[in-house]
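Q: Before we start, here is the structure in question, set down as structure tokens.
The values are calculated or read from the model by the stated rules, or taken from the named source; none is laboratory data. Note that the coordinates shown come from a computational prediction; the quantities given were computed from them, not determined experimentally. Glycine gets a Cβ as well: all are built from the backbone with ideal geometry, and neighbour counts include every protein chain shown. Side chains included, ligands, DNA and RNA excluded: accessible areas come from the protein's heavy atoms. Shrake-Rupley method; radii C 1.70, N 1.55, O 1.52, S 1.80 Å.
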Amino acid sequence: ASPSSSDADAISRFQEYLRIDTAQPAPDYAAAVAFLREQAAAAGLEARTLELVAGKPLLLLRWPGRRPSLPSILLNSHTDVVPSEPHKWDHLPFSAALDEASGRIYARGSQDMKCVGMQYLEAIRRLRSAGFVPDRNIYITFVPDEEIGGHQGAELFVSSKEFKEMNVGLVLDEGLASPQEEYRVFYAERSPWWLTIKAKGAPGHGAKLYDGSAMENLMKSMEAIRRFRTSQFDLVKSGEKAEGDVVSVNFAYLKAGTPTPTGFVMNLQPSEAEVGLDIRIPPSAHVEALERRLVEEWAPSSRNLTFEFKQKMSVLDNFGKPAITPADSTNPWWLLLEEAVKSAGGKPGKPEIFPASTDARYFRKIGLPAFGFSPMANTPILLHDHNEFLHKDEYLKGIGIYESIIRTLATHKDGAKDDESRAEL
Ligand SMILES: [Zn+2]
Ligand SMILES: [Zn+2]
């Protein structure tokens, strides 16, 4: 096949994966795994489906290395995607429509992160047909449930016997699109806290001004939360701090009022009100201070408020230190990754803290180095947004970047005596 026809085939395969509806809360994991197993077979990979939790398959692929005792490389991606509001998109989120005029492929998951999973497989196909054989074992995992916290996905997997037998030395997981020409690389991430704050208060006539209503109790909290949010956002706006270095707080939902079949009662002040918060905490944050702020300022029981965590992840690893992967010359894997991106013609950016959260935290927690990287340059950041898209040429370029990365990381640098750090890998 000519290079252009194989590119067209690669695009079609990407579209096929994108068309599988794996949106939470009811992802079609069976269809995704069936499709990916076919792709793995075509790439000549060994495949196992681990059902660590019934109905939540985790696909584990292996490209055996010449020297399987060396630490292996794990290329991870998640198969689930976040929900969407289909009617608000220009192209339906699971149509994977290729807009011929612009070259954009529109789909939920086109950036987050079905692109990366398929690019791993396409890169391996190409390396194989070029006759490349890895020194190390290369593992590729497709994990469930990342978008709801990964507890029955990556978190379970890292403590499985299958994982321990893999002798993983380095993990690659997702990053973010970059509107500039530099590819973004992430060495740590913020930890998510998802919590609800509930207010109770005296009900009463809608015409009456009085203290201690549920709405008033909750609004005072929301004002305090907003002041804090503004203080953090200002640090980003002024350029003093990066997005991943501040605490973000956003309101996810509001729930209050007395519903009727035709709307809400207007002249009744409700006895309960509730808000949902998405908070992200950088590895360096003073967590105790934030917890105190929550108890004393945002949800004080004195104002009839209670809070409940739906998700509370720690910023620390198993040794009590911030879970970060060194991204400098002390880490030979970092040097190899940078070199591989450059030699494929890409520009790696300055390493950053991922502002959202990924499964990489579970690998970092147990002390493994993990980098977040999704090769999408010159692309607006649209994950979790309407009209998420990836340009087909960026997708194809990304395959080339992974060819270089996999080739470089898979190759054991024998006799690199001039470079002590490398000899350790
Ligand atoms: Zn993701
Ligand atoms: Zn996501």
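Q: What FRET efficiency do you get for Leu268 and Leu235 if R0 is 30 Å and r is their Cβ-Cβ distance, rounded to the nearest 0.05?
A: After rounding, the FRET efficiency stands at 0.15.
Q: Tell me the accessible surface of His286 in square angstrom (1.4 angstrom probe, heavy atoms of protein chains only), to the nearest ten.
A: Number for this one is 120 Å².
Q: Just the accessible area for Tyr253, please: 1.4 Å probe, Å², rounded to the nearest 10?
A: Its heavy atoms expose roughly 80 Å² to the probe.
Q: How many Å² of accessible area per residue for the stretch 198-336, probe 1.4 Å? List each step's numbers first, then the result.
A: Numbers: 8290 Å² over 139 residues.
Per residue, the stretch 198-336 has 60 Å² of solvent-accessible surface.
Q: Quick check for you: with a 1.4 Å probe and neighbouring chains kept, what is the accessible area per residue of the stretch 43-123, in Å²?
A: Details: 2880 Å² over 81 residues.
On a per-residue basis, 35 Å².
Q: Along the charge dipole of the stretch 142-201, pointing to its positive end and built from +1/-1 on Cβ of Lys, Arg, Asp and Glu, which listed residue (Ser178, Ala188, Ile148) has its Cα farthest out?
A: Ile148
Q: In straight Cα distance, which aspartates and glutamates are under 18 Å from Lys310, not counting same-chain residues fewer than 8 positions off?
A: List returned: Asp145, Glu146, Glu147, Glu155, Glu274, Asp278, Glu291, Asp359.
Q: Could you check how many percent of all C-alpha pairs in the stretch 277-359 are farther apart than 16 Å?
A: The proportion of pairs with Cα distances above 16 Å equals 67 percent.
Q: For the chain, give the magnitude of the charge dipole about the Cα centre (Cβ charges: +1 Lys/Arg, -1 Asp/Glu; no others), in debye to the nearest 20.
A: 500
Q: Roughly speaking, to the nearest percent, how much of the stretch 178-331's 1.4 Å accessible area is carbon and sulfur?
A: 54
Q: What order do Thr260, Thr330, Thr358 take when sorted by accessible area (1.4 Å probe), most exposed first?
A: Details: Thr260 60, Thr330 100, Thr358 0 Å².
Listed by decreasing accessible area, they come as Thr330, Thr260, Thr358.
Q: For the stretch 124-210, just say rounded, prolate or oblate: build the C-alpha gyration tensor, square-root its eigenvalues into a ≥ b ≥ c, call rounded for a/c under 1.5, and beyond that prolate if a/b exceeds b/c, oblate if not.
A: prolate
Q: Still on this structure: For a test of understanding, tell me how many lysine pairs in the stretch 174-267 have Cα atoms under 14 Å apart, given they are 8 or more places apart or on different chains.
A: Values: Lys198/Lys220; Lys198/Lys255; Lys200/Lys220; Lys200/Lys255.
Value for the stretch 174-267: 4.
Q: Follow-up. Taking amide H atoms as placed 1.01 Å from N in the peptide plane, list the residues 5 or more away in sequence, or in a different chain, whose amide H sits under 5 Å from that of Ser110.
A: The answer is none.
Q: What are the ³J(HN,Hα) values, in whole Hz, obtained from phi via the Karplus relation 6.51 cos²θ - 1.76 cosθ + 1.60 with θ = phi - 60°, for each residue of the stretch 201-213 in sequence order, with x given for Gly and Pro?
A: Here the 3J(HN,Hα) series is x, 6, x, x, 5, x, 9, 9, 8, 8, 8, x, 6 Hz.
Q: Return the Rg/Rh ratio of the stretch 292-331 with Cα-based radii and a Kirkwood Rh.
A: 1.28
Q: Name the long-range amide H neighbours of Ser213: under 5 Å, sequence gap of 5 or more, or other chain; modelled H, no Pro or chain starts.
A: Residues meeting the amide H criterion: Ala202.
Q: Right, something else. Roughly how many Å is it from the Cα centre of the stretch 314-333 to that of the stretch 1-70, as a whole number?
A: Cα centres, the stretch 314-333 to the stretch 1-70: 30 Å.
Q: Across the stretch 383-396, in residue order, what do the Karplus-derived ³J(HN,Hα) couplings come to in whole Hz, using 6.51 cos²θ - 1.76 cosθ + 1.60 with θ = phi - 60° and x for Gly and Pro?
A: In residue order, the calculated couplings are 5, 6, 9, 6, 6, 4, 8, 9, 5, 4, 5, 5, 4, 5 Hz.
Q: Further, regarding this structure: Where Rh denotes the Kirkwood radius from the mean inverse Cα pair distance, what is Rg over Rh for the stretch 283-425?
A: 1.09
Q: Continuing with this model, one more query. Please compute the Kirkwood hydrodynamic radius of the chain from all pairs of different C-alpha atoms, in Å with one decimal. Walk me through the numbers before you get to the answer.
A: Numbers: mean 1/r = 0.0430 Å⁻¹.
That comes to 23.2 Å for the chain.
Q: With the cut-off at 1.5 for a/c, could you classify the stretch 267-307 from its C-alpha gyration tensor as rounded, prolate or oblate?
A: Since a/c reaches 1.5 but b/c is at least a/b, the shape of the stretch 267-307 is classed as oblate.
Q: For the stretch 60-199, I need the span (max minus min coordinate) of the C-alpha atoms along each principal axis, in Å, sorted largest to smallest.
A: For the stretch 60-199, the Cα spread along each principal axis is 52, 51, 27 Å.
Q: Considering only Ala23, Pro355, Thr258, whose Cα is most displaced toward the positive end of the charge dipole of the chain, charges sitting on Cβ of Lys, Arg (+1) and Asp, Glu (-1)?
A: Thr258
Q: Also, I was wondering about something else. Taking the simple approach of a point 7 Å from Cα along Cα-to-Cβ for both Val287 and Glu165, what is their distance in nm?
A: According to this spin-label approximation, the distance is 3.3 nm.
Q: Expected output is a single nm value to one decimal: the length gained when fully extending between Glu100 and Lys342, i.e. 0.36 nm times separation in residues minus the C-alpha distance. What is it?
A: Result for the pair: 84.1 nm of gain on full extension.
Q: Can you tell me which of 93-103, 56-66, 233-243, 17-27 comes out highest on packing, and rank the rest after it, using the mean Cβ neighbours within 10 Å? The partial results should precede the final answer.
A: Values: 93-103: 15.8, 56-66: 20.5, 233-243: 12.8, 17-27: 18.3.
Highest mean packing first, the order is 56-66, 17-27, 93-103, 233-243.
Q: Quick check: at a probe of 1.4 Å, how many percent of the accessible area of the stretch 29-102 sits on carbon and sulfur atoms? Kindly include the intermediate steps, with their values, before the conclusion.
A: On the way: 1780 of 3290 Å².
Within the stretch 29-102, the accessible surface is 54 percent carbon and sulfur.
Q: May I pose another question? Please grab the % of Cα pairs in the stretch 232-276 that end up more than 17 Å from each other.
A: Result: 57 percent of Cα pairs exceed 17 Å.
Q: Further question: May I ask what percent, to the nearest 5, of DSSP beta bridges between residues of the chain are antiparallel? Write down the numbers at each step before the final one.
A: On the way: 48 of 67 bridges.
Taking every DSSP beta bridge within the chain, about 70 percent pair in antiparallel fashion.
Q: Hey, what do the phi angles of the stretch 328-335 turn into as Karplus ³J(HN,Hα) couplings, whole Hz, using 6.51/-1.76/1.60 and θ = phi - 60°, x for Gly and Pro?
A: 7, 5, 6, 10, x, 5, 4, 4
Q: When each pair of different Cα atoms in the stretch 190-256 is counted once in the 1/r mean, what is the Kirkwood radius in angstroms, to one decimal?
A: Every distinct Cα pair counted, the radius reaches 14.2 Å.
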